[in-house]
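Structure, as structure tokens:
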Amino acid sequence: MLEIRNLHARVGDKEILKGIDLRVDAGEVHAVMGPNGSGKSTLAGVLAGRPEYVVTEGSVVYRGRNLLDLQPEERAREGIFLAFQYPVEIPGVNNLYFLKAALNAVRAHRGEPELDAIEFTALVRSKMSLLGMDQELLSRPVNDGFSGGEKKRNEIFQMAVLEPALAILDETDSGLDIDALKVVAGGVNALRSPDRAAVVVTHYQRLLNYIVPDQVHVLSDGRIVRSGGRGLALELEEKGYGWLAGAEDNEPARDSRLEARA
Amino acid sequence: MSTETRTIEALATQEYKYGFESDVEAETIPRGLSEDVVRRISELKGEPEWLLEWRLKAYRTWLTLEDPDWANIHHDPIDYQDIIYYAAPKRRPAPGSLDEVDPEVRRTFEKLGIPIEEQKALSGVAVDAVFDSVSVATTFRATLEKLGIIFCSFSEAVRTHPDLVRRYLGSVVPYSDNFFAALNSAVFSDGSFCYVPKGVHCPMELSTYFRINARNTGQFERTLIVADEGADVSYLEGCTAPMRDENQLHAAVVELVALDRATIKYSTVQNWYPGDKNGKGGIYNFVTKRGHCRGHDSKITWTQVETGSAITWKYPSCILQGDRSVGEFYSVAVTANYQQADTGTKMIHLGKDTRSTIVSKGISAGHGQNTYRGMVKIGRHAANARNYSQCDSLLIGDRCGAHTFPYIEIKNTSAQMEHEASTSKIGEDQIFYCRQRGLSTEDAVNMIVSGFCKQVFRELPMEFAVEAQKLLGVSLEGSVG
Ligand SMILES: Nc1ncnc2c1ncn2[C@@H]1O[C@H](COP(=O)(O)OP(=O)(O)OP(=O)(O)O)[C@@H](O)[C@H]1O
Ligand SMILES: [Mg+2]
């Protein structure tokens, strides 16, 4: 589904991704871990087409197409969904109105008819109960004044409605209470199917108890320095990133944020 | 600057769609302004002596006044001797008959989407069409006349209802009010007049559509609307002009009078030619609009969507004299390219328990400069007056500006005032977020702008909300309410 080869990217003059190779097949879930500043969000942003990142080398093929040729909205319509590490507030624009416009843009791209108000409401209702989403949040402007956790839930809610082929979750679990964590995991697992895939960026192996990954990758200084199975995440939690060859960061993964939020 | 910002700005600075010119034979008088010109205009219009006298007093007052310089706008000095003060299509119909309207004039309005034939008109909207200096057609007059509603061109009202015109003309905006009001009073050529009698609810929207066509002319129209006791009326105003390299002056005066329990809703979609991308050409829009809540429990609402003009200078205001009277001002002002707007309102509370609401939304893009200037005055006798003001600015790109000047003067301690203000910017992160969800940049900007404006748009009558939406290139669907 997704094949990244020797991907280099910079922002301004700073090279951040220094040769990433990653292959995600349909039906798989990949976890990406790594110390702060190692380039995880950059990788997610490059895949989504964030304009400030400039790809200097390498290629990304998504479902047989050169992904880097597509505009961000085309990638979205082709089924790529990014759950933002920091979801953006859009005051004045109603959450559901926004979501309806997004869904209809995707549907139009697929040659499907727009959903009318009744069909859309029915869809929203079913996803709401699946994710325990609060009605009140949905009637507010997009992310406007939402708490950190509410924003993350909203991302997952959007994902559930849009049903992307490739979901990229950037630290969606950070800052969530344990119930919300299960909701996020439930959202991802509900989408698991032989023709979909997910890339889950996280600092905490705990999430991976709920979303069991096929592979775990460790990113450090813009490179993938280790890939492995589920066990790698457990090992990381125990030993920190320091033990990995090539990792410069000696901060243990079990940092104080983890304790505080557990 | 990033490509995102450039696309956003390109969207905000779209081409002007109403810039065509019509080939209409015009009757004009020579350039320049003098007592003779004032007399000539009055004579061309066959006016009574008292009106000529009033014009002359206004002209003499104007000579003693100076261009206001306090507004946050910049332009080369206007040469008032280089303007043509009167232009009218040569072929003119007899009042009430459309057959003789110059076909080119008729086509112009059709092209603008303002049919001046009743059978083609929007149902429920009566139109007075003003082309350059004169009113060329007023629709649905018969329907309105049955209810005793007078809706006609200003010139006609002077002939047919001189007593009403004389009683109310200048009673809200005296000719000595300000430089541009004095100029207008001296040379105004036409406009709309409306009187709604006691207890009558006007069953349709009344509207005036102003079109400047002739070159080198100024447009100076006057609108006078009187709602007698218990009457109510909703009035719409729209305007466009051809694209020209030179600036053209538009200095209008609008006076509203609401007697006991009367309600007037006045809505404007102003889309005069704004000038080109480099700030060349465009209309100078210097307008005085004021409403007088003369009677108790009366209400006046101004709603404006200002997207056009190179310069906009206007402050639709309310004098809240009647006890429990209500004044409202809802405004969206857009400045793109090199447009400048200095606009806002004055709410003058004189009566007891008077209330006013101000909602101003300024949008700046390109090099646009957008100033909100508002005054709330609470008089000594205005016990328990209340005001709510909200001024929000939205910036698109980083070369534009937004400025807010609220003035408050309170002479009665029982007043309650509430003021909110905000400035925000359409951020690239917002646009990217929308695009990541599948929306185009254009849709994203429209959505954000429309969300920003919806408090004002929902005050507009339906037909105008549609127009305003088109003007901002905005899809309102669903985001309203
Ligand atoms: N727009 C930008 N301008 C300048 N530097 C940037 C920008 N975006 C990212 N960087 C830098 O690139 C590096 C990688 O950032 P990135 O956000 O990808 O890290 P991350 O792995 O997601 O970290 P975290 O775990 O803290 O979220 C950091 O040093 C960051 O400061
Ligand atoms: Mg990150």
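The values are calculated or read from the model by the stated rules, or taken from the named source; none is laboratory data. What you see is a predicted model; the values in this text were computed from it and never measured. Positions of Cβ are backbone-derived with ideal geometry, glycine not excepted, and every protein chain shown enters the neighbour counts. The accessibility values were calculated without ligands, DNA or RNA, using every heavy atom of the protein model including side chains. Shrake-Rupley method; radii C 1.70, N 1.55, O 1.52, S 1.80 Å.
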Quiz prompt | Options B:P274, B:P316: the member that is within 22 Å of B:H403 (Cβ to Cβ) and in contact with a Lys or Arg (Cβ under 8 Å, 6 or more places away or on another chain) | solution = B:P316
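One line per residue, one yes/no per condition, for (1) more than 21 Å from B:K289 (Cα to Cα); (2) of a type in the set (D, E):
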residue: B:D353; (1), (2): yes, yes
residue: B:G362; (1), (2): no, no
residue: B:A365; (1), (2): yes, no
residue: B:Q369; (1), (2): yes, no
residue: B:L394; (1), (2): yes, no
residue: B:T413; (1), (2): yes, no
residue: B:M417; (1), (2): yes, no
residue: B:A421; (1), (2): yes, no
residue: B:F432; (1), (2): yes, no
Exercise. Might you let me know whether region A:17-35 holds any residue that is open to solvent by less than 40 Å² (accessible area, probe 1.4 Å) and within 11 Å of chain B (Cβ to nearest Cβ)?
Key: no
Quiz item: Does region A:42-76 hold any residues that are within 10 Å of chain B (Cβ to nearest Cβ), open to solvent by 60 Å² or more (accessible area, probe 1.4 Å), over 17 Å from A:R10 (Cβ atoms) and of a type in the set (D, E, K, R), and which are they?
Solution: A:E74
Quiz item: Of all residues in region B:414-437, which are in a loop (DSSP other than H, G, I, E, B) and more than 7 Å from every other protein chain (Cβ to nearest Cβ)?
Solution: B:S414, B:A415, B:I426, B:G427
Quiz prompt | Answer residue from region B:438-449, given it is of a type outside the set (V, I, T) and surrounded by 24 or more Cβ atoms within 10 Å (Cβ to Cβ) and is farthest from the other protein chains (Cβ to nearest Cβ) among those | solution = B:A444
Exercise. May I ask you to verify whether A:I156 is touching a residue at least 60 places away in the same chain (Cβ under 8 Å), more than 16 Å from ligand 1 (Cβ to nearest atom) and on the phi < 0 side of the Ramachandran plot?
Key: yes
Quiz item: Does A:M128 satisfy the criteria of being away from every other protein chain (no Cβ under 13 Å) and either of a type in the set (G, A, S) or in contact with a helix residue (DSSP H, G or I) (Cβ under 6 Å, 6 or more places away or on another chain) (or both)?
Solution: no
Quiz prompt | Output for region A:84-102, where each listed residue is open to solvent by 10 Å² or more (accessible area, probe 1.4 Å), part of a helix (DSSP H, G or I) and within 8 Å of chain B (Cβ to nearest Cβ) | solution = A:Y97, A:K100, A:A101
Quiz item: Pick from region A:194-215 the residues that are open to solvent by 30 Å² or more (accessible area, probe 1.4 Å) and touching a residue at least 12 places away in the same chain (Cβ under 8 Å): which of them is farthest from ligand 2 (Cβ to nearest atom)?
Solution: A:P194
Quiz item: Does region A:68-82 contain at least one residue that is in contact with a strand residue (DSSP E or B) (Cβ under 6 Å, 6 or more places away or on another chain) and within 16 Å of ligand 1 (Cβ to nearest atom)?
Solution: yes
Quiz item: Among the residues of region A:54-77, is any among the hydrophobic types (A, V, I, L, M, F, W, C) and within 16 Å of ligand 2 (Cβ to nearest atom)?
Solution: no
Quiz item: For residues in region B:194-210 being part of a loop (DSSP other than H, G, I, E, B) and at pLDDT 95 or above, which is most open to solvent (accessible area, probe 1.4 Å)?
Solution: B:K198
